[in-house]
Amino acid sequence: MRYLGPTLILIFLLVSCGPSKKAAVITKPTATKAAIIPSIPKDEMANSIIQYAQTFNGTRYKYGGTTKKGMDCSGLIYTSFKKENIVLPRTSRAMSTQGEWIPLRKAEKGDLVFFKTNKKKNIINHVGLVIETGSTLKFIHASVSKGVVVSSLDERYWNNCFSGVRRVL
């Protein structure tokens, strides 16, 4: 009987510390970090994320990959944003719930572009990072057939499966 109290407390702690099924959220440096490190303007942060993503150019495609040994589309985005202390969900579909939808004509460098490449399922399953806007929108992503490459929304394939743009910065 005397072990019942500590046992119940232990069970309560174990249950309350269990894994959560909440989606990951975008996190930015805390106020204390911001006080130590000067705030980076959005343009500079976007450029830094893009430059880091471009270091993976030519990396082969690997499902679930997040390194130069192999990278998938959401792994490229996840890793590039994480370098700037912005933690996004790990899948393209979950990423598509972060930030806010914006019209294509308002897309900026650092925004995320989403695609539905499987017409039968009609779900977002691919993501890229906008690296250039203007007459054509260019994005870096990890293609199953070519690995990490830069593509254009003017390409028929990407234009046909384009789903939308989200701003997370």
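The values are calculated or read from the model by the stated rules, or taken from the named source; none is laboratory data. Bear in mind the structure is a predicted one, so any value in this text is a computation, not a measurement. Don't worry about glycine lacking a Cβ; one is built from the backbone with ideal geometry, like all the others, and counts go over all protein chains shown. Heads up: the accessible areas ignore ligands, DNA and RNA and are worked out on the full protein's heavy atoms, side chains in. Shrake-Rupley method; radii C 1.70, N 1.55, O 1.52, S 1.80 Å.
Annotations for the structure displayed:
- Test: residue in region 89-111 that is more than 15 Å from Arg166 (Cβ to Cβ) and either crowded, with 21+ Cβ neighbours inside 10 Å or not small (Gly, Ala, Ser) (or both): yes
- Count of residues meeting criterion [modelled with pLDDT of 95 or more and open to solvent by 90 Å² or more (accessible area, probe 1.4 Å)] in region 112-121: 0
- Remark: Ile124 matches the filter, which requires a residue to be modelled with pLDDT of 95 or more and surrounded by 16 or more Cβ atoms within 10 Å (Cβ to Cβ).
- Among the residues of region 46-71, those identified as part of a helix (DSSP H, G or I) and buried (at least 19 other Cβ atoms within 10 Å of the Cβ) are Ala46, Ile49, Ala53.
- Residue in region 156-166 that is open to solvent by less than 70 Å² (accessible area, probe 1.4 Å) and closer than 17 Å to Ile50 by Cα present: yes
- Region 127-137, subset in a loop (DSSP other than H, G, I, E, B) and open to solvent by less than 30 Å² (accessible area, probe 1.4 Å), residue nearest to Ile77 (Cα to Cα): Leu137
- Residue list for region 41-82, restricted to those being among the hydrophobic types (A, V, I, L, M, F, W, C) and more than 17 Å from Ser145 (Cα to Cα): Met45, Ala46, Ile49, Ile50, Ala53, Ile77, Phe81
- Residue satisfying condition, being surrounded by 12 or more Cβ atoms within 10 Å (Cβ to Cβ), outside any helix (DSSP H, G or I) and not β-branched (Val, Ile, Thr), within set Ser145, Ser74, Ser80, Ser151: Ser151
- In region 64-86, the residues that are out of contact with any strand residue (DSSP E or B) (no Cβ under 8 Å at 6 or more places or on another chain) and closer than 19 Å to Ile124 by Cβ: Gly64, Phe81
- Among (1) closer than 25 Å to Asn160 by Cα; (2) touching an Asp or Glu at 6+ places or on another chain (Cβ under 6 Å); (3) among the small types (Gly, Ala, Ser), the one test that Gly65 misses: (1)
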